[in-house]
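The values are calculated or read from the model by the stated rules, or taken from the named source; none is laboratory data. Since we're looking at a predicted model, the values are computed, not measured. Methodologically, a virtual Cβ is constructed for each residue, glycine included, from the backbone with ideal geometry; neighbour enumeration extends over all protein chains shown. We work out accessible area using only protein heavy atoms, side chains counted, and drop any ligands, DNA or RNA first. Shrake-Rupley method; radii C 1.70, N 1.55, O 1.52, S 1.80 Å.
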Amino acid sequence: MANTEQALGIGIVGATGRMGRALVRAVSEADGCTLAGGVDVPNHPDTGADLGVLAGLGEIGILLFDEADALFGKADVVIDFTVPAVTERYATLARDTGTAYVVGTTGLEASHQQAIEAAASKVPVVQAANFSLGVNLALALTKQAAATLNDDFDVEVVEMHHRHKIDAPSGTALALGQAAADGRGVELDAVSDRGRDGITGERTKGDIGFAVLRGGNVAGDHSVIFAADDERIEITHKATDRMIFARGAVKAALWTRDRQAGLYSMQDVLGF
Ligand code: NAD
(Lines give C-alpha, C1' and ligand atoms only; values in the text may rest on other atoms or scores of the structure.)
Protein backbone atom coordinates (compact mmCIF):
# COMPACT_ATOMS: atom_id res chain seq x y z
CA MET A 1 0.00 0.00 0.00
CA ALA A 2 2.85 2.38 0.70
CA ASN A 3 3.33 5.11 -1.90
CA THR A 4 6.98 6.15 -2.29
CA GLU A 5 5.98 9.55 -3.77
CA GLN A 6 4.11 10.69 -0.68
CA ALA A 7 4.64 10.90 3.05
CA LEU A 8 3.82 7.61 4.75
CA GLY A 9 0.37 7.71 6.41
CA ILE A 10 0.66 6.36 9.96
CA GLY A 11 -2.45 5.34 11.92
CA ILE A 12 -2.39 4.94 15.70
CA VAL A 13 -4.65 2.62 17.68
CA GLY A 14 -4.88 3.29 21.41
CA ALA A 15 -4.28 6.94 20.47
CA THR A 16 -5.25 8.40 23.86
CA GLY A 17 -3.08 6.01 25.90
CA ARG A 18 0.29 6.92 27.40
CA MET A 19 2.11 5.50 24.38
CA GLY A 20 -0.60 6.61 21.95
CA ARG A 21 -0.12 10.27 22.89
CA ALA A 22 3.66 9.92 22.70
CA LEU A 23 3.22 8.38 19.23
CA VAL A 24 1.16 11.36 18.03
CA ARG A 25 4.05 13.61 19.12
CA ALA A 26 6.67 11.33 17.52
CA VAL A 27 4.82 11.22 14.17
CA SER A 28 4.49 15.00 14.19
CA GLU A 29 8.24 15.50 14.73
CA ALA A 30 9.42 12.85 12.18
CA ASP A 31 10.18 13.48 8.50
CA GLY A 32 8.57 11.42 5.74
CA CYS A 33 5.30 10.62 7.47
CA THR A 34 1.92 12.11 8.33
CA LEU A 35 -0.70 11.15 10.87
CA ALA A 36 -3.44 9.24 9.02
CA GLY A 37 -5.67 9.18 12.10
CA GLY A 38 -6.15 7.66 15.52
CA VAL A 39 -8.72 5.48 17.24
CA ASP A 40 -9.11 4.27 20.79
CA VAL A 41 -11.67 2.09 22.54
CA PRO A 42 -15.14 2.48 20.90
CA ASN A 43 -17.25 5.32 22.40
CA HIS A 44 -14.20 6.79 24.09
CA PRO A 45 -15.19 10.01 25.90
CA ASP A 46 -12.63 11.98 23.84
CA THR A 47 -14.09 10.86 20.48
CA GLY A 48 -14.13 13.95 18.23
CA ALA A 49 -11.32 15.67 20.16
CA ASP A 50 -8.22 16.90 18.32
CA LEU A 51 -5.41 14.32 18.64
CA GLY A 52 -2.79 17.08 18.81
CA VAL A 53 -4.54 18.69 21.76
CA LEU A 54 -4.81 15.31 23.53
CA ALA A 55 -1.06 14.81 22.95
CA GLY A 56 -0.19 18.27 24.31
CA LEU A 57 0.80 19.69 20.90
CA GLY A 58 -2.06 22.06 20.18
CA GLU A 59 -4.52 21.64 17.31
CA ILE A 60 -3.42 19.54 14.32
CA GLY A 61 -6.87 19.15 12.75
CA ILE A 62 -7.01 15.36 13.07
CA LEU A 63 -9.70 14.09 15.38
CA LEU A 64 -9.98 10.91 17.46
CA PHE A 65 -12.57 8.77 15.70
CA ASP A 66 -14.26 5.45 16.21
CA GLU A 67 -13.73 3.51 13.00
CA ALA A 68 -10.77 1.14 13.28
CA ASP A 69 -11.70 -0.52 9.96
CA ALA A 70 -11.61 2.85 8.18
CA LEU A 71 -8.27 3.71 9.81
CA PHE A 72 -6.66 0.48 8.58
CA GLY A 73 -8.22 1.17 5.14
CA LYS A 74 -6.58 4.57 4.75
CA ALA A 75 -3.27 4.23 6.65
CA ASP A 76 -0.11 2.80 5.04
CA VAL A 77 0.98 1.46 8.42
CA VAL A 78 -0.72 1.23 11.81
CA ILE A 79 1.11 1.38 15.16
CA ASP A 80 -0.49 -0.58 18.01
CA PHE A 81 0.39 -0.13 21.70
CA THR A 82 -2.86 -1.27 23.35
CA VAL A 83 -3.91 -4.42 25.21
CA PRO A 84 -3.45 -8.05 24.09
CA ALA A 85 -7.06 -8.94 23.14
CA VAL A 86 -7.34 -5.78 21.05
CA THR A 87 -3.96 -6.41 19.43
CA GLU A 88 -5.22 -9.81 18.25
CA ARG A 89 -8.15 -8.08 16.50
CA TYR A 90 -5.98 -5.34 14.97
CA ALA A 91 -3.38 -7.82 13.73
CA THR A 92 -6.20 -9.58 11.87
CA LEU A 93 -7.40 -6.24 10.45
CA ALA A 94 -3.84 -5.46 9.28
CA ARG A 95 -3.76 -8.81 7.47
CA ASP A 96 -7.23 -8.37 5.93
CA THR A 97 -6.62 -4.79 4.75
CA GLY A 98 -2.99 -5.34 3.62
CA THR A 99 -1.73 -2.66 6.02
CA ALA A 100 1.79 -2.77 7.46
CA TYR A 101 1.74 -3.12 11.23
CA VAL A 102 4.03 -2.13 14.10
CA VAL A 103 3.14 -3.69 17.42
CA GLY A 104 4.52 -2.96 20.88
CA THR A 105 1.78 -4.37 23.09
CA THR A 106 3.20 -6.71 25.75
CA GLY A 107 1.72 -9.47 27.91
CA LEU A 108 0.65 -11.41 24.78
CA GLU A 109 -0.47 -15.03 25.00
CA ALA A 110 -0.17 -17.70 22.30
CA SER A 111 -3.43 -16.84 20.48
CA HIS A 112 -2.50 -13.15 20.29
CA GLN A 113 0.94 -14.03 18.95
CA GLN A 114 -0.59 -16.37 16.35
CA ALA A 115 -2.70 -13.50 14.99
CA ILE A 116 0.45 -11.38 14.65
CA GLU A 117 2.25 -14.19 12.84
CA ALA A 118 -0.75 -14.68 10.53
CA ALA A 119 -0.59 -10.95 9.68
CA ALA A 120 3.16 -11.25 9.01
CA SER A 121 2.46 -13.85 6.32
CA LYS A 122 0.67 -11.10 4.32
CA VAL A 123 2.20 -7.75 5.35
CA PRO A 124 5.41 -6.43 6.94
CA VAL A 125 5.08 -6.52 10.73
CA VAL A 126 7.62 -5.12 13.20
CA GLN A 127 7.15 -6.48 16.71
CA ALA A 128 9.34 -5.53 19.67
CA ALA A 129 8.98 -5.76 23.41
CA ASN A 130 10.99 -2.55 23.44
CA PHE A 131 11.51 -0.05 20.62
CA SER A 132 14.37 1.96 22.17
CA LEU A 133 17.87 1.95 20.69
CA GLY A 134 19.45 1.52 24.14
CA VAL A 135 17.43 -1.57 25.10
CA ASN A 136 18.12 -3.19 21.75
CA LEU A 137 21.83 -2.67 22.36
CA ALA A 138 21.38 -4.09 25.90
CA LEU A 139 19.73 -7.18 24.34
CA ALA A 140 22.74 -7.73 22.08
CA LEU A 141 25.21 -7.17 24.97
CA THR A 142 23.25 -9.56 27.21
CA LYS A 143 23.37 -12.32 24.61
CA GLN A 144 27.10 -11.78 24.14
CA ALA A 145 27.80 -11.76 27.89
CA ALA A 146 25.75 -14.92 28.44
CA ALA A 147 27.59 -16.68 25.62
CA THR A 148 30.94 -15.66 27.12
CA LEU A 149 30.30 -16.43 30.81
CA ASN A 150 29.60 -19.94 32.09
CA ASP A 151 26.85 -20.79 34.57
CA ASP A 152 29.08 -19.98 37.55
CA PHE A 153 27.53 -16.59 36.79
CA ASP A 154 23.93 -16.52 38.05
CA VAL A 155 21.68 -14.44 35.76
CA GLU A 156 19.00 -12.23 37.32
CA VAL A 157 16.78 -9.76 35.46
CA VAL A 158 15.35 -6.87 37.51
CA GLU A 159 12.79 -4.39 36.21
CA MET A 160 10.85 -1.41 37.57
CA HIS A 161 7.87 0.32 35.97
CA HIS A 162 5.18 2.87 36.85
CA ARG A 163 2.28 1.88 39.09
CA HIS A 164 -0.23 1.58 36.19
CA LYS A 165 1.52 -1.24 34.33
CA ILE A 166 -0.74 -4.32 34.10
CA ASP A 167 1.65 -7.13 33.08
CA ALA A 168 4.72 -8.57 34.80
CA PRO A 169 7.54 -9.24 34.22
CA SER A 170 7.70 -6.59 31.50
CA GLY A 171 8.02 -7.71 27.89
CA THR A 172 11.50 -6.16 27.90
CA ALA A 173 12.56 -8.15 30.99
CA LEU A 174 11.40 -11.34 29.29
CA ALA A 175 13.24 -10.35 26.10
CA LEU A 176 16.43 -9.78 28.14
CA GLY A 177 15.94 -13.19 29.77
CA GLN A 178 15.46 -14.69 26.31
CA ALA A 179 18.67 -13.02 25.10
CA ALA A 180 20.57 -14.54 28.05
CA ALA A 181 19.03 -17.97 27.35
CA ASP A 182 19.92 -17.68 23.64
CA GLY A 183 23.51 -16.77 24.57
CA ARG A 184 23.71 -19.85 26.79
CA GLY A 185 21.97 -22.09 24.25
CA VAL A 186 19.15 -23.07 26.64
CA GLU A 187 15.34 -22.84 26.54
CA LEU A 188 14.16 -19.90 28.67
CA ASP A 189 11.04 -21.80 29.81
CA ALA A 190 13.23 -24.58 31.22
CA VAL A 191 15.40 -22.27 33.35
CA SER A 192 13.12 -19.33 34.12
CA ASP A 193 12.42 -18.54 37.81
CA ARG A 194 9.64 -15.93 37.88
CA GLY A 195 8.63 -15.73 41.50
CA ARG A 196 10.37 -16.34 44.81
CA ASP A 197 8.45 -16.19 48.08
CA GLY A 198 8.80 -18.08 51.36
CA ILE A 199 11.17 -21.02 51.83
CA THR A 200 12.30 -21.34 48.24
CA GLY A 201 15.38 -23.47 48.79
CA GLU A 202 18.72 -22.58 47.26
CA ARG A 203 18.99 -21.07 43.84
CA THR A 204 19.18 -23.68 41.07
CA LYS A 205 22.39 -23.42 39.05
CA GLY A 206 21.67 -22.19 35.52
CA ASP A 207 18.34 -20.55 36.37
CA ILE A 208 17.48 -17.13 34.96
CA GLY A 209 15.62 -15.24 37.69
CA PHE A 210 13.18 -12.33 37.33
CA ALA A 211 12.32 -9.67 39.92
CA VAL A 212 9.66 -7.00 39.46
CA LEU A 213 9.18 -3.59 41.11
CA ARG A 214 6.21 -1.24 40.54
CA GLY A 215 5.81 2.38 41.58
CA GLY A 216 5.63 6.05 40.70
CA ASN A 217 5.89 7.13 37.08
CA VAL A 218 9.01 5.11 36.16
CA ALA A 219 8.97 4.74 32.34
CA GLY A 220 11.09 1.56 32.48
CA ASP A 221 14.30 0.46 34.23
CA HIS A 222 15.93 -2.89 33.41
CA SER A 223 19.09 -4.59 34.64
CA VAL A 224 20.60 -7.94 33.77
CA ILE A 225 22.95 -9.04 36.55
CA PHE A 226 25.59 -11.75 36.05
CA ALA A 227 26.67 -12.65 39.60
CA ALA A 228 29.56 -15.01 40.36
CA ASP A 229 31.60 -15.44 43.53
CA ASP A 230 33.43 -12.18 44.21
CA GLU A 231 32.40 -10.33 41.03
CA ARG A 232 29.29 -9.06 39.31
CA ILE A 233 28.56 -7.64 35.85
CA GLU A 234 25.45 -5.49 35.38
CA ILE A 235 23.93 -4.31 32.11
CA THR A 236 21.45 -1.55 32.91
CA HIS A 237 19.11 0.59 30.84
CA LYS A 238 16.96 3.38 32.28
CA ALA A 239 14.21 5.06 30.29
CA THR A 240 13.22 8.47 31.61
CA ASP A 241 10.68 9.32 28.88
CA ARG A 242 8.48 7.01 26.81
CA MET A 243 9.24 9.16 23.73
CA ILE A 244 12.24 6.84 23.16
CA PHE A 245 9.80 3.98 22.47
CA ALA A 246 7.52 6.19 20.36
CA ARG A 247 10.39 7.49 18.20
CA GLY A 248 11.64 3.93 17.72
CA ALA A 249 8.15 2.74 16.70
CA VAL A 250 7.85 5.57 14.15
CA LYS A 251 11.30 4.65 12.79
CA ALA A 252 10.05 1.04 12.47
CA ALA A 253 6.88 2.25 10.71
CA LEU A 254 8.97 4.20 8.16
CA TRP A 255 11.20 1.14 7.71
CA THR A 256 8.18 -1.00 6.63
CA ARG A 257 7.82 1.05 3.45
CA ASP A 258 8.20 -1.24 0.40
CA ARG A 259 9.28 -4.10 2.69
CA GLN A 260 8.28 -7.72 1.94
CA ALA A 261 5.73 -9.43 4.20
CA GLY A 262 7.38 -10.94 7.26
CA LEU A 263 7.81 -10.69 11.01
CA TYR A 264 10.67 -8.32 11.82
CA SER A 265 12.25 -7.16 15.07
CA MET A 266 13.66 -3.80 16.14
CA GLN A 267 17.10 -5.39 15.75
CA ASP A 268 16.27 -5.77 12.02
CA VAL A 269 15.17 -2.12 11.84
CA LEU A 270 18.37 -0.94 13.56
CA GLY A 271 20.57 -3.26 11.49
CA PHE A 272 22.12 -5.01 14.53
P1 NAD B 1 -2.30 2.69 28.29
O2 NAD B 1 -3.26 1.93 29.15
O3 NAD B 1 -1.95 4.10 28.65
O4 NAD B 1 -2.85 2.73 26.77
C5 NAD B 1 -3.53 1.66 26.16
C6 NAD B 1 -4.59 2.29 25.28
O7 NAD B 1 -5.27 1.26 24.53
C8 NAD B 1 -5.67 3.03 26.11
O9 NAD B 1 -5.86 4.34 25.60
C10 NAD B 1 -6.90 2.17 25.88
O11 NAD B 1 -8.12 2.91 25.93
C12 NAD B 1 -6.61 1.65 24.48
N13 NAD B 1 -7.54 0.61 24.08
C14 NAD B 1 -8.14 -0.32 24.85
N15 NAD B 1 -9.01 -1.01 24.09
C16 NAD B 1 -8.97 -0.47 22.85
C17 NAD B 1 -9.65 -0.75 21.62
N18 NAD B 1 -10.60 -1.69 21.53
N19 NAD B 1 -9.32 -0.04 20.52
C20 NAD B 1 -8.39 0.93 20.58
N21 NAD B 1 -7.73 1.26 21.71
C22 NAD B 1 -8.03 0.54 22.82
O23 NAD B 1 -0.99 1.79 28.19
P24 NAD B 1 0.46 2.21 27.67
O25 NAD B 1 1.34 2.54 28.82
O26 NAD B 1 0.33 3.18 26.54
O27 NAD B 1 0.97 0.80 27.12
C28 NAD B 1 0.28 0.11 26.10
C29 NAD B 1 1.01 -1.19 25.79
O30 NAD B 1 2.28 -0.88 25.21
C31 NAD B 1 1.30 -2.06 27.01
O32 NAD B 1 1.18 -3.42 26.63
C33 NAD B 1 2.74 -1.72 27.35
O34 NAD B 1 3.40 -2.74 28.06
C35 NAD B 1 3.29 -1.57 25.95
N36 NAD B 1 4.53 -0.81 25.85
C37 NAD B 1 5.47 -1.28 24.98
C38 NAD B 1 6.64 -0.59 24.77
C39 NAD B 1 7.60 -1.08 23.73
O40 NAD B 1 8.63 -0.41 23.47
N41 NAD B 1 7.29 -2.22 23.08
C42 NAD B 1 6.88 0.61 25.46
C43 NAD B 1 5.91 1.09 26.35
C44 NAD B 1 4.72 0.38 26.51
Rank-order 185-194, 141-150, 220-229 by packing density, defined as the average count of other C-beta atoms within 10 Å over each peptide's residues, highest first. 220-229, 141-150, 185-194
Is it possible to state the helix-based mean residue ellipticity at 222 nm for the chain, with each DSSP H run of 4+ residues giving -39500 (n - 2.57), the sum divided by total residues, to the nearest 500 deg cm²/dmol? What is it? -11000 deg cm²/dmol
Out of the DSSP beta bridges found with both residues in the range 133-239, what percent are antiparallel (nearest 5)? 65 percent
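Which GluC sites (Glu not before Pro) does the range 6-102 hold that lie in a coil by DSSP with at most 11 other beta carbons within 10 Å? Before the final figure, lay out the partial values.
On the way: sites: Glu29, Glu59, Glu67, Glu88; in loops: Glu59, Glu67.
Passing both the DSSP loop test and the Cβ count: Glu59.
Could you compute the net charge surrounding Ile10? Neighbours are other residues with a C-beta less than 12 Å from the C-beta of Ile10; K and R count +1, D and E count -1. Could the numbers behind the result be given before it?
Working: positive: Lys74, Lys251, Arg257; negative: Asp76, Asp80.
So the surrounding residues net to +1.
What accessible area per residue comes out for the range 25-66, rounded to a whole number of Å², with a 1.4 Å probe?
On the way: 2140 Å² over 42 residues.
In whole numbers, the range 25-66 has 51 Å² accessible per residue.
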Over the range 133-239, give the accessible area per residue in Å² for a 1.4 Å probe, as an integer. 55 Å²
Which cross-chain or sequence-distant (5 or more) residues have an amide H under 5 Å from the amide H of Ala228, H modelled 1.01 Å from N in plane? Asp154, Ile233
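Show me the ranking of peptides 238-245, 35-42 by mean Cβ neighbours inside 10 Å, starting with the highest.
Numbers: 238-245: 17.2, 35-42: 21.2.
Highest-to-lowest ranking by the protection proxy: 35-42, 238-245.
On the protein heavy atoms, probe 1.4 angstrom, tell me the percent of accessible surface of the chain carried by carbon and sulfur.
48 percent
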Which one of Gly56, Ala68, Gly215 has its Cα pushed farthest toward the positive end of the charge dipole of the chain, where Lys and Arg give +1 and Asp and Glu give -1 at the Cβ? Gly56
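Order 261-267, 166-172 from most to least packed using the mean count of other Cβ atoms within 10 Å. Before the final figure, lay out each step's value.
On the way: 261-267: 17.0, 166-172: 18.9.
Those peptides, ordered most packed to least, come out 166-172, 261-267.
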